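Novice: Sending over a structure as structure tokens; questions will come in a sec.
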Amino acid sequence: QQFLQRVRKARRGRQAASPPAPSPAMESPADSVAAAPAQDKAAGESITNTQEAGVDEGGIVKVYGDLLVILRRGRLFTVSTARGDLRPIDSIDAYPPGAEARGDWYDEMLISGNRVIVIGYSYSRGGTEINRFRIGNGGALSFEDAYHLKSNDYYSSRNYASRLIGSQLIVYSPLYLPYGGESLDWLPGLRKWSGNPRAGFTRIVSAREIYVPRSMLD
């Protein structure tokens, strides 16, 4: 709390001392022409993820034996590829039973053993969702449990937000530093889904476990 007070005070001091920003100048035709090659180069870059050995990235299609596990439009599907066929086996909602999923996004899936992990974000419940399912040898899907990480959002336009290294799940889940107030309710928290969207979070990180960039200490 003392650190946040110092940051706010220093920020107010810098804002009071800084001159108003000049109005942006009009772009000349030469500037537009010069910028065109850079834009063309960016447009041609590949969006394929770089694969790292031993690291599984979140995705929307995974292979499990002779099954394809597919995440699409908030649902999980299993499809058999045995004997060269594409035969639908099972499907299930990618969110907890009884949850109101309007305003939710489910963009990533990983598989660890016979467990399917779906990563999403719920604007209505306010948190990154980690939903876990079990997959049988025949491809049947069943809901196991779900957890919420307190976060402002999780999606990255450049890459997926989750990684699986062995049995350890790593999730990108940002929280904004508040500008006002002395409450520490914004600190990272976790809750197991119980069916109550208003249930509280249990804090999982203390103030002493936060890395502060050097630029904020100056």
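Novice: Give the residue that is least open to solvent (accessible area, probe 1.4 Å), with candidates limited to residues of the stretch 196-212 that are part of a loop (DSSP other than H, G, I, E, B) and among the hydroxyl-bearing types (Ser, Thr, Tyr).
Specialist: Initial filter on the stretch 196-212 (part of a loop (DSSP other than H, G, I, E, B)): 196-201, 204-206, 210-212.
When the remaining residues are screened for being among the hydroxyl-bearing types (Ser, Thr, Tyr), the result is 206, 211.
Values: 206: 48, 211: 184 Å².
Among those residues, the one meeting the criterion is 206.
Novice: Mind checking which pairs have a first residue in the stretch 1-24 that is within 17 Å of residue 214 (Cα to Cα) and at pLDDT below 70 and a second that is assigned to a loop (DSSP other than H, G, I, E, B) and of a type in the set (S, T, N, Q), Cβ under 9 Å, 6 or more apart or different chains?
Specialist: none
Novice: Scan the stretch 50-80 for residues that are out of contact with any strand residue (DSSP E or B) (no Cβ under 7 Å at 6 or more places or on another chain) and in a strand (DSSP E or B) and jot them down.
Specialist: 63, 72
Novice: Please state which one of 215, 183, 142, 157 is modelled with pLDDT under 85 and outside any loop (DSSP other than H, G, I, E, B).
Specialist: 215
Novice: Still on this model: Which of the residues that make up the stretch 186-195 are loosely packed, with under 13 Cβ neighbours inside 10 Å and either of a type in the set (Gly, Ala, Ser) or at pLDDT below 85 (or both)? Explain how you work it out, then say what you get.
Specialist: In the first step, residues of the stretch 186-195 are kept if they are loosely packed, with under 13 Cβ neighbours inside 10 Å; the result is 192, 194-195.
Residues satisfying the conditions are 194, 195.
Novice: Conditions: (1) closer than 25 Å to residue 187 by Cβ; (2) open to solvent by less than 30 Å² (accessible area, probe 1.4 Å); (3) not in a loop (DSSP other than H, G, I, E, B). Residue 147 meets all but one. Number of the miss?
Specialist: (2)
The values are calculated or read from the model by the stated rules, or taken from the named source; none is laboratory data. Bear in mind that the values here come from a model prediction, so they are computed numbers and not experimental data. Ideal geometry is used to build each Cβ from the backbone, glycine not excepted, and the neighbour counts take in all protein chains shown. The accessibility values were calculated without ligands, DNA or RNA, using every heavy atom of the protein model including side chains. Shrake-Rupley method; radii C 1.70, N 1.55, O 1.52, S 1.80 Å.
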